[in-house]
Amino acid sequence: MSVEAIDKKRGSGEELPPDWRTMPHGIRIGRYTDADFLKLEYEKLWSKVWQVACRVDAIPEPNDYTLYEIGDSSVIVVRENANTIRAYHNFCPHRGTALAEEQGTFPHGNIICPFHGWRWNTAGENQYVLAREEFKQGKLLASDVPLAAIHCVEYEGMVFINFAEEPQPFEHFIAPIKELMEKLIVGEMRHYWWKKIDVEANWKTAQEAFFEGYHVPATHPQLEPDGAEFIYGENIEGDFHFSHHAVAYDAFERGHGRFYAGKQTAMQGEMRMVNPVDPVDAMADRLQLLVDGMDAQVLQPDVDIVRSMKGKEIPEGSTLGAEYVKALYGDAAAKERPLGAPEPDVLEMWGGEIFMFPNICMLFHGGNMMMYRAIPHRNDPNRCTFEIFSTRTLPASAPRQRAEQIQVTDTDDPEQVYEIPRQDLGNIPRLQRGMRTGAMKQNWLASYNEKIILNMHQELDRYLVD
Ligand code: FES
Ligand SMILES: [Fe+2]
């Protein structure tokens, strides 16, 4: 089916069995819990969607490789040279041995099978076959046994792959969020840390917990204490001005989306003072909660810049937020650290998120980005792996550090998972647990605060019914 025809199918999902349907106001639970639905996703979504195999900082030098594993697929992503990255199915054409494990560097660019020693270069060309004369009556050519290449595109610091033989054009896939990603200089982000967490939840359950700000007062009470008091405290009458009221949501074509702070952030000159203490302290303390709670998206140097403004006068007509932005840009310029242009389009994304279909979230502040990736389990719809990448721009002269993944062994360990994601990851398995009772038929989605979830499922349906 053509790309245009897929786009036209407005994801009603009516062709799917009733338990698997996306409805205008909610999602049927079978989409999160049925093994057959996971199978269908593998057949129809993962087999032909552009997906992030790795960030380029996992393979900074020629011959560096990393593995991307999803379902039964295992993909070697290897850097051939400064400008070329290639992706191959991870098997030996002789008898099938997986050619690589985890992450590493192919010495001298030789990809050698550990079973009988056949050899390829990083361009995927066969270089050596032991006792070649025994194969195909001595006529085995290098071109008979190349590595099995996979379509692969490098874009904004990420390597995207597509398992389809003839994938939809990458440009078409990325178009709705391309300008935003480029303005936010996603490609300039560098590795800070990267963790992988095994989660007892469907991959969609896990990622959808990061699609909205609506959960903040209940899940992260420290970030909205007055709202939490309203929810958990004695005073349950009346209404409360929750901060999610200020969050704006956009659902984009092709399943992508975003949320952002609109015009009501400190950076845009708006600062709602809950406790009218010193505004510099208030802003710094708030950002410090994010540093201590995530060590990603907002980082300690950003808070230090706020604190350095203490006692300085705010010029007439300016605001603390605007002065902070100025100070941050001044600091970055002095260090030759790249930042996106300080346009309203960029500043309003500070504290916001871009969701890239089907499974990537990117959250921004200043020159930092936190990225999430949810990968389905091979055959269990109630499990997934969830990764957190903390990245930031660095001065141009800073050495390139290779990104290596750290496996989290205990989600409850505050040393391994910081407070804010720990709170999210505390609820996510509970969501899945509730859905597995079998008594729940569908969830209910807020038409505005949860619109990115619906949009994601509608796009998923376009793939599934194709
Ligand atoms: S299986 Fe790889 S060389 Fe034999
Ligand atoms: Fe959260």
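The values are calculated or read from the model by the stated rules, or taken from the named source; none is laboratory data. Bear in mind that the values here come from a model prediction, so they are computed numbers and not experimental data. Virtual Cβ from ideal backbone geometry, glycine too; neighbours counted across all protein chains shown.
Which count do you get for residues in the stretch 410-432 that are more than 17 Å from the chain's Cα centre (by Cα) and farther than 12 Å from residue 388 by Cβ? Residues that pass the stated criteria total 13.
Looking only at residues in the stretch 227-244 that are out of contact with any Phe, Trp or Tyr (no Cβ under 7 Å at 6 or more places or on another chain) and either in a helix (DSSP H, G or I) or under 21 Å from residue 364 (Cα atoms) (or both), which one is farthest from ligand 1 (Cβ to nearest atom)? Per the stated criteria, the residue is 229. Taking the stretch 178-202 on its own, how many of its residues are surrounded by fewer than 24 Cβ atoms within 10 Å (Cβ to Cβ) and either in contact with a His (Cβ under 9 Å, 6 or more places away or on another chain) or not β-branched (Val, Ile, Thr) (or both)? The total comes to 17. Contact annotation: residue pairs with Cβ atoms under 9 Å, 6 or more positions apart or on different chains, pairing a residue in the stretch 148-170 that is touching a residue at least 40 places away in the same chain (Cβ under 8 Å) with a partner that is in a strand (DSSP E or B) and acidic (Asp, Glu), are 160/154. Picking from residues in the stretch 143-162 that are loosely packed, with under 15 Cβ neighbours inside 10 Å and outside any strand (DSSP E or B), the one that is nearest to the chain's Cα centre (by Cα) is 148. For the stretch 283-297, what are the residues that are surrounded by fewer than 18 Cβ atoms within 10 Å (Cβ to Cβ) and hydrophobic (A, V, I, L, M, F, W, C)? Passing the criteria: only 289. The lone criterion from (1) more than 10 Å from ligand 1 (Cβ to nearest atom); (2) surrounded by 13 or more Cβ atoms within 10 Å (Cβ to Cβ) left unmet by residue 97 is number (1). Cβ separations smaller than 6 Å between residues 6+ apart or across chains give the following pairs from the stretch 389-403 residues that are within 11 Å of residue 57 (Cβ to Cβ) to residues that are assigned to a loop (DSSP other than H, G, I, E, B) and not hydroxyl-bearing (Ser, Thr, Tyr): 391/189; 400/60; 402/60. Looking at the structure I just gave you, is residue 179 within 29 Å of residue 299 (Cβ to Cβ) and out of contact with any Pro (no Cβ under 8 Å at 6 or more places or on another chain)? So residue 179 passes the test.
For the stretch 110-136, give me each residue that is under 30 Å from the mean Cα position of the chain (by Cα) and more than 12 Å from ligand 1 (Cβ to nearest atom).
Taking the stretch 110-136 and keeping what is under 30 Å from the mean Cα position of the chain (by Cα), we get 111, 122-124.
Residues satisfying the conditions are 122, 123, 124.
Scanning the stretch 365-408 for residues that are of a type in the set (S, T, N, Q) and in contact with a Ser or Thr (Cβ under 8 Å, 6 or more places away or on another chain), which turns out farthest from residue 427 (Cα to Cα)? Quick ask: steps written out before the conclusion?
As a first pass, look at the stretch 365-408 and keep what is of a type in the set (S, T, N, Q): 368, 379, 382, 385, 390-391, 393, 397, 401, 405, 407.
Add one more test, that the residue is in contact with a Ser or Thr (Cβ under 8 Å, 6 or more places away or on another chain), and what stays is 368, 382.
Values: 368: 26, 382: 14 Å.
Per the criteria, the residue is 368.
Assess whether residue 200 counts as being away from ligand 2 (no atom under 16 Å from the Cβ), among the acidic types (Asp, Glu), more than 23 Å from residue 353 (Cβ to Cβ) and at pLDDT below 80. The answer is no for residue 200.
Those residues that are of a type in the set (Val, Ile, Thr) and assigned to a loop (DSSP other than H, G, I, E, B), I need them from the stretch 183-226; list them, please. Working first, answer last.
Taking the stretch 183-226 first, the residues of a type in the set (Val, Ile, Thr) are 185-186, 197, 199, 205, 216, 219.
Hit for the stretch 183-226 is 185, nothing else.
The C-beta contact set for the stretch 210-226 (first residue touching a residue at least 60 places away in the same chain (Cβ under 8 Å), second residue assigned to a loop (DSSP other than H, G, I, E, B) and near ligand 2 (Cβ under 9 Å from one of its atoms), distance under 9 angstrom, 6+ apart or interchain) comprises 215/209; 219/209.
Among the residues of the stretch 113-160 satisfying the criterion of being among the aromatic types (Phe, Trp, Tyr) and touching a strand residue (DSSP E or B) at 6+ places or on another chain (Cβ under 9 Å), which is farthest from residue 194 (Cα to Cα)? Please lay out each step first, then the result.
Step one: filter the stretch 113-160 for residues among the aromatic types (Phe, Trp, Tyr), giving 115, 118, 120, 128, 135, 155, 160.
If we keep only those that are touching a strand residue (DSSP E or B) at 6+ places or on another chain (Cβ under 9 Å) too, we end up with 118, 120, 128, 160.
Working: 118: 33, 120: 30, 128: 36, 160: 18 Å.
Out of the qualifying residues, it is 128.
For residue 68, indicate whether it is among the aromatic types (Phe, Trp, Tyr), more than 16 Å from residue 121 (Cβ to Cβ) and touching a residue at least 60 places away in the same chain (Cβ under 8 Å).
On the way: among the aromatic types (Phe, Trp, Tyr): yes; more than 16 Å from residue 121 (Cβ to Cβ): yes; touching a residue at least 60 places away in the same chain (Cβ under 8 Å): yes.
Judged against the criteria, residue 68 is a match.
Could you look through the stretch 203-230, keep only residues that are of a type in the set (S, T, N, Q) and within 12 Å of ligand 2 (Cβ to nearest atom), and pick out the one that is surrounded by the most Cβ atoms within 10 Å (Cβ to Cβ)? Checking each candidate, the answer is 207.
Table: residues versus (1) over 18 Å from the mean Cα position of the chain (by Cα); (2) away from ligand 2 (no atom under 16 Å from the Cβ); (3) of a type in the set (Val, Ile, Thr).
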residue	(1), (2), (3)
364	no, no, no
374	no, no, no
383	no, yes, no
444	yes, yes, no
465	yes, yes, yes
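State whether the residues of the stretch 90-102 include one that is aromatic (Phe, Trp, Tyr), more than 24 Å from residue 164 (Cα to Cα) and at pLDDT 95 or above. Steps first, answer last, please.
Pass one, the stretch 90-102, residues aromatic (Phe, Trp, Tyr): 91.
Then drop every residue that is not more than 24 Å from residue 164 (Cα to Cα), which leaves none.
Among the residues of the stretch 90-102, not one is aromatic (Phe, Trp, Tyr), more than 24 Å from residue 164 (Cα to Cα) and at pLDDT 95 or above, which makes the answer no.
Candidates in the stretch 23-71 are the residues that are aliphatic (A, V, I, L, M) and assigned to a helix (DSSP H, G or I); of these, the one that is surrounded by the fewest Cβ atoms within 10 Å (Cβ to Cβ) is 35.
Say whether the condition of being part of a helix (DSSP H, G or I) and surrounded by 22 or more Cβ atoms within 10 Å (Cβ to Cβ) is met by at least one residue in the stretch 383-396. Outline the logic, then answer.
Initially, the stretch 383-396 is screened for residues part of a helix (DSSP H, G or I), giving none.
So far as the stretch 383-396 goes, no, none of its residues is part of a helix (DSSP H, G or I) and surrounded by 22 or more Cβ atoms within 10 Å (Cβ to Cβ).
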